[in-house]
Structure formats: C-alpha cells, structure tokens
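The values are calculated or read from the model by the stated rules, or taken from the named source; none is laboratory data. Treat the numbers as computed from the prediction; the structure is a model and nothing was measured. Because the Cβ atoms are built from the backbone with ideal geometry, glycine has one as well, and the counts that use them run over all protein chains shown.
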Amino acid sequence: MTSAHEPQPSQPESLETFVDLFLDPRHNAAGKYPEWCAPFIDSALRSRRAPVVLPRLWEAEGESAYYVIARRPNEAGVVRDLLVAFAGPSLVKVGYDVPLVLDDRDVLETAIAAHFGASSTFKLRAPREKRKELHAALTWMLGLVESSPQRAWSAPKPLGRLLTDFEAALVGGASQVAAELLDQMGRQGGLSVANLKHLQIKRLAVMGKARELLALPGLREVLLQDPPQAVKDMVLSAIYATCIEPALAEGSLEQACAALAQPWVPIALLAEENPVRFSDAAAAALLIGLLARGQETELAGAIVALDEVQRSAVVPAVLDHYRAKSAGRGADDADTVSLVTASPAVDAGVAWQPATWQALLAAVAEGDKAALRFCREMEVDGAAELPLAADTDADGALAQLLAGMADAGYENVWRYALSPFLQEVSRSGLSLPLTLAQITASSIGQRRDPANLAVLDLLLELFLRTSPSADDYDEFLEHLTMRVQEWVASETASQALDFIDRLAAFATPDRQIRAQAALELLTPLYRHAQRLDEACLASARSLTHELELDLDWPVWQQSDSSEEAIAIGPAHVLVYGMDEGVLDRVQQRMAQQYSQVKVSLSADRVGSSRLREVARHADFSVLITQCATHAATNFISQHAQAIVYPKGAGSVSVVRAIVDELQHRARSTALPAPLSGNRRAR
C-alpha cells in the first residue's frame, strides 16, 4: 500500500524504467524477492514478441497476482488466446479472458496505462496451492512464444467481413466483441475517419454510454459533414439523456435549456432537423433545442407536425402551453409549419419505399443505394418502417429468397438488413420459422466466432417463439449443433449454456430431439468440467437436472485461498433487457444460488420514474443490449451507480456476469483502498 507521503513515480520513459518502477519494493513487495522476479525481468527486457509478465505481491494480505501485458495494442487478443491455452481456466478462473480495467488510483496500474494503453493488461490470480503451477506455466509460455517461428499475430479479414461481424455483434448483444472489431478496423484501414466515427457512435449508443458518445473526439467534425440520420438520432438521444431528461425530471425547463449551452453540446444540430423523422428521445431534444435558441414559432410548428402524425406523447409535458399557442395560429404562420413538416431532407429520406421485406432484401442483396439508406433509417424509430406480413406465404418467400442468394448478396443482407429485420421480427412477434431456419443454415459455413454466436443465440430465441413443428425443430437444432466440437469449450461455456437454457425455457414438440441437442452441446463441457468456474458449473448441473439428462457433474471444489472462496454478501442488482423470458430465468437462478442478492428486472423501452429509482439504488446494473432501445439504455446509464455488460444475452451469461462482478467487488474490499477497482462499466 502506498502512503500519501511517499514520492509518486513519474511517467515511465522506457521499458527498463517501467520494469524498475513496477518492481520497486515501495510499491510492490515482489521486488524483495529477486529470484522470483528474475525470469520475468529478463523476458520483459530481452524479448520482442512475448508479452510482458510481471508479478505483484501484497505482503500484508498474502495475496499475489501476475500482470500479463500486451506489448502493442493489436496484440491484446492474441495474449488472451495464449492465457486461455496456458493458464485459464485450469489454473486461473477469472481475469485470463477479459482485459483489466486499470485503476487510475493505483500507482502501478496508472504506470501500465501510460506505457502500454488502457486495454493492454490481464491480471491473473491463482489459488495458493496452484501458484507454483501458474509460475511455471507463464515461464513456459514466455519461452515458447519467443522461440517459436515468426508469424503474424492476426490474420487480416476483408473489411466487408469485419463490418458484417460488427453489425452482428451489436444486434446479438456482444458489445465487447464489437469494440475489438472496431479496433481491428482502425488498425487495418480502409474506412474513412468519419465512417469509423459513425461505427463508434453506434456502439456507444447501443451500450447506453451517452456521456462517452458526446465526449467522443472529433464528434463536431462528424456532424458538420451531414452524417446519416441514424447517427444524428443517436447523438440527439444522447443529448436528451445527459442534459435534458435529468432537468425535466426535476421539473425545471430552464435548467434543461441551460444545460444545452455547455460547450460540449453540439447545439447547431438541435436547430436544423425535423423532429418528426426522429425517435422519441431525439425528437424531444430537438423541441427543447428550439426553445433554448428562442425559436418559439418553429417550436409551435414542430409540435403541430408531431400531433398530425399521432406522436403527441413525444412532446414533454412542460411544453404543452406551446401546443395551446399553436392551436390559434393564423394563415400567416402556415408557411412556418410547412417548413417543418415538409423539408427537403424528409423528401429525400422517403424517396424509395419498398412494398415488402422481400423486395427490400432483394434490393439490399443487389447493393441498391436507396435500399441501403432505407435500412439505415429503419434503425431510427419513426424515420422509416416496414411491417412484416402475417402470413405463411411471406415466410416461405423470404426463406426461398435467402436460399437463392449468392455469397456477396447474402453478405450485404447480413451487414445492412439483418439488424433491422431481426428487430422487426422481435417487435412483431410473428412466426417465421422457415426464414429464421434459413438464416441459421446459411451461417453454418461461417466461423463460430463470438459475433456469430451472439446472432445465433438471438435466432434460436426468435425461432423457439414460433412454436415450430417437430420436423422444423429437428432441422433447426441440427443446424445449431453442427460443428459444436469446433467452438464449445470452457472459455465459451456461458454461450453454449445460454443455448441450452433457451431450449429448456420453451416448450418442445419432441423431448428426445431437445435432449439430444442439449447433450451435444454439454458433452464437450462435461469432458472438461474441472475447468468450469462456479457459476457455469452450477448452471450446467441445474440444466442437466431440468432436462433429465444422464450427466453427473462434479461438485465445485473451492479452497480457502481461492478467489471464488470469497463470500458474496447481500447486494441489489438491476438487470435490463428486452427478453422477459431471459429476465425471469436470471431472477430464478439467482434466487436458487445466491438468495442474498436482490435482483430487480426491467424491460421498459423508455425511462420512467420507477426505473430511475431502481437504477439509483441498485449496487450496479446489468444491461443486455440485444435488441435494446437507445432511450432506455441511455436512461439507465445516467442514473446507475455502475454498469456491467454480459458476454452473451442469455440467462447463464447474465448470471455469470453478476457473480463475476460481485466477486470482483468482494475481492476489492478485501484489499487496501488504493488498490480497489474503479466503479466503471466492465
């Protein structure tokens, strides 16, 4: 523990300076044991390709850890793969697969961020009886990596494939995967700075990170280039969440207007757009923006326009008296209203309107620019809509269209139309078993990477809603379980268990088919049950019992010195998502396994006073961003004490995220205050 009177280190200027600082006994008791540190110091200073590995010891608490640091930003993913192979989860249960959120109050972690970057580091802790094994495994890893033949750290993917995977990751709720893909696109090149910013804005909006979105470097320059309407909507929604909604909740219209005068708010955007074309939160932001600029005549016209399209609920109650003013407007003011309701931007935005989803997907497959623009605008509520036809002929036609597409056309559909299509299926509640099965079948040839697994999870959930026949059920599950041996492993356990949990949550037309599919997914995990963490092992045992399968899972073995042995105390957690079935399963599992933890649920599409109070009083909130709405996620982020994002959108992934966060907090409180983790989104 660092005393407030001890000299603080300066930013390291070289690797040798950094290593000396890290192992300085004033900050790290490991520096008192040179024999322990010697192989890691030698590797850190002499190696060029192996990651930097340095030990840390908290002598008073008897706790130790290894910091494994990627030398270059593009190598963090490969370091993770190395740690999966050499350390986790056999020796280390947590920390090997997700970069550490570096604590800016910690001397050494601040130095790591300054020298290597914020997302460069993994922190490994092992139970006391496995610390020698971990030491040997890391030493062996460093030697093998440095002596192995030179190879590329990552195989480059075509830009189109990266963009497709990015969209898939967002619609499937895998925001961490989307961040990794963004980094790869930035390093690989091929996108303009503006287009890369558009993708960054979209990811932050989906995650509900409104403040981070508005603080994004270069945002003003992006808006000056007249970006797509979807991008503008995300920015406007962020403005509403951060500046306007908190003030309106207190009943202060003046404070809401004053908040828009802050230098980081792009006030120009609030005066140049038509509210009718935007989502509810964005439209409300535009109305307040007109008032803040003193454009009361234009404000009255905008309210009239919203009333005419049956969107009166969008207008904040504090602006009702402007509606009363507009009711008595004379003919002299009609031109102002027409300017709001029929701007050139609106005419351009709706110049092409497909009759059916089949027509839209066919046009997208051909790369038609108007169809691509229509898909982008469908991401904005109220900008464009295309209801699904509620008949079996439409399902068959869509499935046949997708089956006959060439690879290039299918890539276009996956990239531009998959997200709005699946969200429309989710909203409509219609049964499209043939179409969903065809999308799943078309994905068989793709690598089961995290982005595609996230979409597959959503497809499974939507398919099971359709109450399929036994034949359709059998065919779909055959596609789902194909090549499971290539991707089901301890590090993907929560995703595989999510699939099984969805099978258990829905009625089945054939119990034997369901049992066989569950066994195919469970068998690879059962072979390596000793590598599963406590949360996954408990979920596997529970699902096996629920589905009446013949698998005898081992009992979780925990030692007094293990990380997982730290007791989880009482806590309150808010879980937000659009799938109420998943939310209910999360609450049931937490009640069974951790009854001391109170779990509140929300599937609200917009903010409410009840949601605000729950978010404020919960210790942290878990956001399932699969098909989530920007307004609700932004709202929760503004009021929550901390945000956690699960790796998947199923109940097992969510429970695991809750347990990991609770254990992380329990460990943090057990260490001296300066070494505890920040209350940040994890």
Selected residue [in a loop (DSSP other than H, G, I, E, B) and among the β-branched types (Val, Ile, Thr)] from Val265, Val222, Val276, Val231: Val265
Of all residues in the range 396-420, count the ones that are over 15 Å from Ala441 (Cα atoms), surrounded by fewer than 19 Cβ atoms within 10 Å (Cβ to Cβ) and within 28 Å of the chain's Cα centre (by Cα). 2
Looking at (1) in a loop (DSSP other than H, G, I, E, B); (2) within 23 Å of the chain's Cα centre (by Cα), can you tell me which one Phe122 breaks? (1)
Enumerate the pairs (first residue in the range 199-220 and closer than 16 Å to Glu377 by Cα; second residue anywhere and outside any helix (DSSP H, G or I)) with beta-carbon separation below 8 Å, excluding pairs fewer than 6 apart on the same chain, so at least 6 apart or on different chains. Leu199/Leu191; Ile201/Leu216; Val206/Thr625; Val206/Ala628
Every pair of residues 6+ apart whose Cβ atoms lie under 8 Å, when the first sits in the range 244-269 and is touching a residue at least 12 places away in the same chain (Cβ under 8 Å) while the second is part of a helix (DSSP H, G or I) and among the basic types (Lys, Arg): Ala249/Arg612; Pro266/Arg220; Leu269/Lys232
Between Glu129, Glu109, Glu133, which is farther than 22 Å from Arg531 by Cβ and outside any strand (DSSP E or B)? Glu109
Residue list for the range 162-210, restricted to those being charged (D, E, K, R), within 21 Å of Gly577 (Cα to Cα) and in the same structural domain as Ala230 (by TED's automatic domain parsing): Lys202, Arg203, Lys209
Lone qualifier among Ala489, Ala535, Ala504 - being farther than 15 Å from Gly650 by Cβ, aliphatic (A, V, I, L, M) and either assigned by TED's automatic domain parsing to the domain that holds Gly77 or under 30 Å from the mean Cα position of the chain (by Cα) (or both): Ala489
Taking only the range 437-459 into account, find how many residues are in a helix (DSSP H, G or I) and farther than 16 Å from Ala174 by Cα. 6
Suppose the filter is crowded, with 21+ Cβ neighbours inside 10 Å and either at positive phi or not basic (Lys, Arg) (or both); does Glu167 pass it? yes
Being assigned to a loop (DSSP other than H, G, I, E, B), of a type in the set (A, V, I, L, M), out of contact with any Cys (no Cβ under 6 Å at 6 or more places or on another chain) and not assigned by TED's automatic domain parsing to the domain that holds Leu306 is the requirement here; does Leu434 meet it? no
Restricted to the range 181-236 and to residues being surrounded by 18 or more Cβ atoms within 10 Å (Cβ to Cβ) and among the β-branched types (Val, Ile, Thr), the residue nearest to Asp280 (Cα to Cα) is Val235
Quick one: in the range 482-511, which of the residues that are of a type outside the set (S, T, N, Q) and touching a Cys at 6+ places or on another chain (Cβ under 7 Å) is nearest to Gly581 (Cα to Cα)? Leu497
Is it true that Ser443 is modelled with pLDDT under 85 and hydroxyl-bearing (Ser, Thr, Tyr)? yes
Among the residues in the range 339-353, are any at pLDDT 75 or above and out of contact with any Ser or Thr (no Cβ under 8 Å at 6 or more places or on another chain)? yes
Among the residues of the range 131-144, is any of a type in the set (Lys, Arg), at pLDDT below 85 and outside the structural domain of Gly208 (by TED's automatic domain parsing)? no
